[in-house]
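Asker: Questions regarding the structure given below will be posed in turn.
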Amino acid sequence: MTDATDGARLLPWTSPDGKPCFLVGDGIGYVSRIADNIEAVQLGLAGELIDEARRVLGGRKWTPGELHLLAVELTEALADVHRVAKSRGARLPALRHEDGSGPQLPAEAFG
């Protein structure tokens, strides 16, 4: 039995009741482009937050409130990045099977 989400893309947002949203399609439509843009923004914000965390923690002068806010923001960013990684990982070609079958990249793919 296959999972209902086989071949579906996990989108970078949830439904109003917090359930995952999926998209079935060729990956080039309007909703796919919106999802790509949101993922790019999420990854960019996570990178900026890493820089901010390093700045705050490097200063060694922080209040409990600053640390709490930083922890909350880092948790949210990590959740977003984890969702992007799961979505992109699910869309990668399947790994080769033990018998050697499965997709293989040509030598040119490695430069």
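The values are calculated or read from the model by the stated rules, or taken from the named source; none is laboratory data. Worth saying up front: this structure is predicted, and the values here are computed from it rather than measured. With ideal geometry, Cβ positions are generated from the backbone for all residues, glycine too; neighbour counts draw on all protein chains shown.
Asker: For the range 51-74, give me each residue that is within 23 Å of residue 12 (Cα to Cα) and either of a type in the set (Gly, Ala, Ser) or in contact (Cβ under 8 Å) with a residue 24 or more places away in the chain (or both).
Answerer: 71, 73, 74
Asker: Given the conditions (1) at pLDDT below 90; (2) part of a helix (DSSP H, G or I); (3) closer than 17 Å to residue 86 by Cα, and given that residue 32 satisfies all but one, which numbered condition is not satisfied?
Answerer: For residue 32, the failing item is (1).
Asker: Residue by residue through the range 1-18, note down the ones that are over 13 Å from residue 88 (Cα atoms) and either surrounded by 15 or more Cβ atoms within 10 Å (Cβ to Cβ) or at pLDDT 95 or above (or both).
Answerer: 16, 17
Asker: Working only within the range 35-75, note down all residues that are in contact with a Phe, Trp or Tyr (Cβ under 9 Å, 6 or more places away or on another chain) and either outside any helix (DSSP H, G or I) or among the acidic types (Asp, Glu) (or both).
Answerer: None; the set is empty.
Asker: Here's another thing I want to ask about it. Inspect the range 86-94 for any residue being part of a loop (DSSP other than H, G, I, E, B), over 14 Å from the mean Cα position of the chain (by Cα), exposed (fewer than 10 other Cβ atoms within 10 Å of the Cβ) and at pLDDT below 90 and give the result as yes or no.
Answerer: The answer is yes; a qualifying residue exists.
Asker: Would you confirm, using the coordinates I've provided, whether residue 69 is farther than 16 Å from residue 84 by Cα, surrounded by 11 or more Cβ atoms within 10 Å (Cβ to Cβ) and not hydroxyl-bearing (Ser, Thr, Tyr)?
Answerer: Judged against the criteria, residue 69 is a match.
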